[in-house]
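This report refers to the structure that appears directly beneath it.
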Amino acid sequence: MTPDELIELRREKWRLNRVPVRTLEDARLFMESVGFSLMFPMSPPLLFPTFIGAWSGSGDGLPTQRQAYRDPRVKDATALMVRMLRDKSAYEANLFDENNAFLLSASIFPYFYALAGDRTPRHAPEPGPRSSYSQLACDAYQIIQRQGPISKLKLLQELGKGISVPAMDRALAELWSKLRITRVDYDETEGASWDVLYRWSPEAVSEGANCSLNSALSALLSKYLDCVIAAELVELEAFFGNLVARSKVREAVNALLAARELSFLAVGHRSLIQINELQPIHRSERS
């Protein structure tokens, strides 16, 4: 396979080939096909599809999150993304940037939860010297658990005077990063609405909490390679290193190679890794 062929395969997979995603059904199919997607491109770039790119049908001139407010495409693309969150055909995680949605398909999300989520989701977080949760995060959780889904504006009112918006945002990020809560809706006047994840999607949380770390990592590695067609080991480590130790990523890749579920693929002068179901496609076979 040549580098240009790899780029073209990714463009087709990521819907950058002038076939935009515009309906809810299209969006569901896109997410199930790729498994993972960022809302906007990041800088430096990550090897990921973007939902704004799929909505646009092109990778040209895509806005970053900081440029989103002045791009007319963003409002409609965001509205479609929120519709997927509402009907649980996609989930959102706070992995890279809380203002740049990291989306996962419904079928992939339980495996992601197994790596990033809390294994005892029904036990309320508690503050303390060994806890990763602040007192404000625990207070916010109690309110969301009692009243959710609840908008950001109403949550701030419930927390009481003296709590700033930045402080509340930090508390929400603490809970969201462990998948304790999730954004389930958005309103321009009241902001995002939040709910505890185990109540919003009990089956996905239960499946993830009972999935072994090795099984989850193997499933996510395979889906990521299906999404990007083929990747170098360092690219796999760059993504999955956000979830587990890089040594664990290498161990999982080596185990999948030994089981012949993955194989090496020559692309130009590089040796990439692919899932075995994905065979190299040459120009003569596509034409």
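Here, each number is a calculation from the coordinates, and none is a lab measurement. Worth saying up front: this structure is predicted, and the values here are computed from it rather than measured. Reconstructed Cβ throughout: ideal geometry from the backbone, glycine too, with neighbour counts over all protein chains shown.
Could you derive backbone 3J(HN,Hα) for region 67-81 from the dihedral phi with the Karplus parameters 6.51, -1.76 and 1.60 (θ = phi - 60°), listing whole Hz in sequence and x where the residue is Gly or Pro?
8, 4, 4, 10, 9, x, 6, 5, 4, 5, 5, 5, 4, 5, 4
Hey, what angle do you get for helix 3-13 against the long axis of the chain, alpha-carbon based, 0 to 90 degrees rounded to 10?
50
Around Leu172, under 15 Å between beta carbons, what's the net of Lys plus Arg minus Asp minus Glu among the other residues?
That works out to -4.
Taking the Cβ of each residue in Tyr113, Tyr198 as the centre, tally the other Cβ atoms inside 10 Å and list the residues starting with the fewest.
Tyr198, Tyr113
Would you mind getting the Kirkwood hydrodynamic radius of region 1-107 from its Cα pairs, rounded to one decimal in Å?
13.8
I'd like the projected area of region 54-173, averaged over all directions, using the convex hull of its alpha carbons. Report it in nm² with one decimal.
Its average projected convex-hull area is 9.5 nm².
Modelled label-to-label distance, Arg250 and Arg11, 7 Å Cα→beta-carbon offset: nm?
Inter-label distance under the simple model: 3.6 nm.
For helix 165-177, report the angle its Cα long axis makes with the longest principal axis of the Cα atoms of the chain; keep it between 0 and 90° and round to the nearest 10°.
50
Taking the Cα centre as origin and putting +1 on Lys and Arg beta-carbons and -1 on Asp and Glu beta-carbons, what dipole magnitude results for region 155-196, to the nearest 20 debye?
Charge dipole of region 155-196: 300 debye, to the nearest 20.
Out of the GluC sites (Glu not before Pro) in region 171-256, which ones are loop residues according to DSSP with at most 13 other C-beta atoms within 10 Å?
Those that pass, being in a loop and sparsely packed, are Glu188.
Any chance you could give the angle, 0 to 90 degrees and rounded to 10, that helix 246-258 forms with the longest Cα principal axis of the chain?
Once rounded, one gets 40 degrees.
Taking the number of other C-beta atoms within 10 Å as the exposure measure, put Met168, Met81 in order starting with the fewest.
By the 10 Å Cβ count, ascending, the order reads Met168, Met81.
How high is the FRET efficiency from Arg18 to Arg66, r the C-beta distance, R0 25 Å, rounded to 0.05?
In this case the efficiency is close to 0.40.
Read phi for every residue in region 110-116 and hand back ³J(HN,Hα) as whole Hz from Karplus 6.51 cos²θ - 1.76 cosθ + 1.60, θ = phi - 60°, with x for Gly and Pro.
Couplings: x, 5, 5, 4, 4, 8, 10 Hz.
What size of dipole, in debye to the nearest 20, comes out for region 114-210 about its Cα centre when the only charges are +1 on Lys and Arg C-beta atoms and -1 on Asp and Glu C-beta atoms?
320
Determine the alpha carbon to alpha carbon distance for each of Lys88/Lys178; Lys13/Lys88; Lys88/Lys152; Lys88/Lys161; Lys13/Lys178 and list only those over 26 Å.
In this structure, Lys88/Lys161; Lys13/Lys178 exceed 26 Å between Cα atoms.
³J(HN,Hα) across region 39-50 via Karplus (A = 6.51, B = -1.76, C = 1.60, θ = phi - 60°), whole Hz, x for Gly/Pro?
My calculation for region 39-50 gives 6, 10, x, 10, 10, x, x, 10, 7, 8, x, 10 Hz in order.
For region 212-286, what value does the Rg/Rh ratio take when both radii are computed over Cα atoms and Rh is the Kirkwood radius, given to two decimals?
Using only Cα positions, Rg/Rh for region 212-286 is 0.99.
How much length would be gained if the chain were fully extended between Val234 and Asp185, taking 0.36 nm per residue of separation minus their Cα-Cα distance, in nm to one decimal?
14.1 nm
Of (i) 21; (ii) 17; (iii) 28, which one was derived for percent of Cα pairs over 32 Å apart from the structure shown?
Label (iii) holds the value from this structure.
Along the charge dipole of the chain, pointing to its positive end and built from +1/-1 on Cβ of Lys, Arg, Asp and Glu, which listed residue (Leu265, Pro121, Gly162) has its Cα farthest out?
About the Cα centre, the residue reaching furthest to the positive side is Gly162.
Under 10 °C and 1.306 mPa s, how fast does region 151-287 diffuse according to Stokes-Einstein, given a Kirkwood radius computed over C-alpha pairs? Answer in µm²/s, whole number.
87
Could you give the nm distance between label points at Asp169 and Ser212, where each point is 7 Å from its Cα heading toward the beta carbon?
4.2
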